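What follows draws every value from the coordinates through simple rules; no lab data is involved. The model shown is predicted, which means the values in this text are computed figures rather than measured ones. Every residue, glycine among them, receives a Cβ derived from its backbone with ideal geometry; neighbour counts consider all protein chains shown.
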Amino acid sequence: MGQKVNPVAFRVGVMEGWKSRWYAPKKEFGALLVEDKKIRDYIKKHKDKDTKDRKGELSFPGVAKVEIERTRDELRVIVTTARPGLIIGSKGQRAKELQAELQDLTGRRVKLDVNEEKNPELVAQLVAEDIGDQLVKRASFRRVIKRAMANAMDKGAKGIKIQLSGRLGGAEMARREKQADGSIPLSTLRAKIDYGFHEAKIAQGHIGIQVWINQGEYSEDDNNGQNAEKSSSSKTTKRAYKR
């Protein structure tokens, strides 16, 4: 079953927490869910078109995840990135601009928090985006995969799997290339499996990039699953009924 679903979604509510943490009535739920999607897309896909030095490039590269919390009066956006300096800017100027833009987008008061991801080599989404950037620059896909796998294993990953799909190497027919190293127990809930997906737009077409990284096991100090309900099943075996 672990191979059929997103490994992160498979663990949400059991070992992982939710990325959108709020409650809303049934009538408002759909609109707020779409608003969360717009916020994440705006942060991850926003490009600098007016700046000559960075024309067409992403304004906020290296974003690992965007978490959203809502209260009655405020919308809190928590951005985890490997390059916090690009989001904060000089004296926090870019962060203030982004906060104002998100307020215009949502029509709500927004509080922006920026957290640093200290080990980007162990974050599957960042690894997938880095592979995509190198493929756009016409790097050899096999060399890129081996380098990414070596970097992750050197940083302490227990296992990594990378899969590329599309016209690899400019071939006429699309195919799938997969390499793995170490252990990737997708169905083991106590295993901390991170998953990332990215599309690289090259001249021959789109290349789909999937990355699975085994970051070890959840420790007792992790509080991500504290909100999940504990098992209510009794430890004693149930009495067998005769037919």
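Taking region 11-106, which trypsin sites (Lys or Arg not before Pro) meet the DSSP loop condition and have no more than 13 other C-beta atoms within 10 Å? Let's see the in-between values first.
Values: sites: 11, 19, 21, 26, 27, 37, 38, 40, 44, 45, 47, 49, 52, 54, 55, 65, 70, 72, 76, 91, 94, 96; in loops: 19, 49, 52, 54, 55, 72.
The qualifying sites are 49, 52, 54, 55, 72.
Which of the helices in the chain meet the span-like rule: DSSP H, Cα axial reach of 15 Å or more, Kyte-Doolittle mean at least -0.5?
Span-like helices, by this rule, are 124-136, 141-154.
Figure the gain on full extension for residue 178 and residue 150 (residue separation times 0.36 nm, minus the Cα-Cα span) and round it to one decimal in nm. Numbers along the way, then the final one.
Working: separation 28, 0.36 × 28 = 10.08 nm, distance 1.50 nm.
Between residue 178 and residue 150, full extension yields 8.6 nm more.
log₁₀ I(q)/I(0) of region 74-139 at q = 0.12, 0.20, 0.23 Å⁻¹, via Debye over equal Cα point scatterers, no solvent, to two decimals?
Per q value, in the given order, log10 I(q)/I(0) is -0.42, -0.87, -0.96.
Which trypsin sites (Lys or Arg not before Pro) in region 129-160 pass both tests, a DSSP loop state and at most 12 other beta-carbon atoms within 10 Å?
Here the trypsin sites (Lys or Arg not before Pro) that fit, given the DSSP loop and packing criteria, are 137, 138.
Past 19 Å, Cα to Cα, is the threshold; run 4/37; 26/65; 44/111; 45/155; 26/111 against it and keep the listed order.
Listed pairs above 19 Å: 4/37; 26/65; 45/155; 26/111.
What is the Cα coordinate range of region 120-217 on the first, second and third principal axes, sorted by size from largest, in whole angstrom?
Ordered largest first, region 120-217 gives principal extents of 41, 23, 17 Å.
Which residues make up the longest stretch of the chain that has no GluC sites (Glu not before Pro) in a DSSP loop with at most 15 other Cβ atoms within 10 Å?
Here the longest segment lacking exposed loop sites spans 75-171.
Size of the dipole of region 120-217 about the Cα centre, Lys and Arg at +1 and Asp and Glu at -1 on the beta carbon, nothing else charged, in debye to 20?
Here region 120-217 has a charge dipole of around 280 debye.
Where the only charges are on Cβ atoms (+1 Lys, Arg; -1 Asp, Glu), what is the dipole of the chain about its Cα centre, to the nearest 20 debye?
920
At 10 °C and a viscosity of 1.306 mPa s, what translational diffusion coefficient does Stokes-Einstein give for the chain, taking Rh as the Kirkwood radius over Cα pairs? Give it in µm²/s as a whole number.
D = 78 µm²/s.
Using only alpha carbon pairs under 8 Å that are at least six residues apart, calculate the relative contact order of the chain and give it in whole percent.
After rounding, I find 19 percent.
From zero outward in steps of 5 Å, how is the percent of C-alpha pairs of region 7-116 spread across the bins?
Pair shares across the bins are 2, 11, 19, 24, 19, 12, 7, 4, 1, 0.
Please give the net charge around residue 162, taking every other residue with its beta carbon less than 10 angstrom from that of residue 162, where Lys and Arg add +1 and Asp and Glu add -1.
Charge balance near residue 162 sits at +1.
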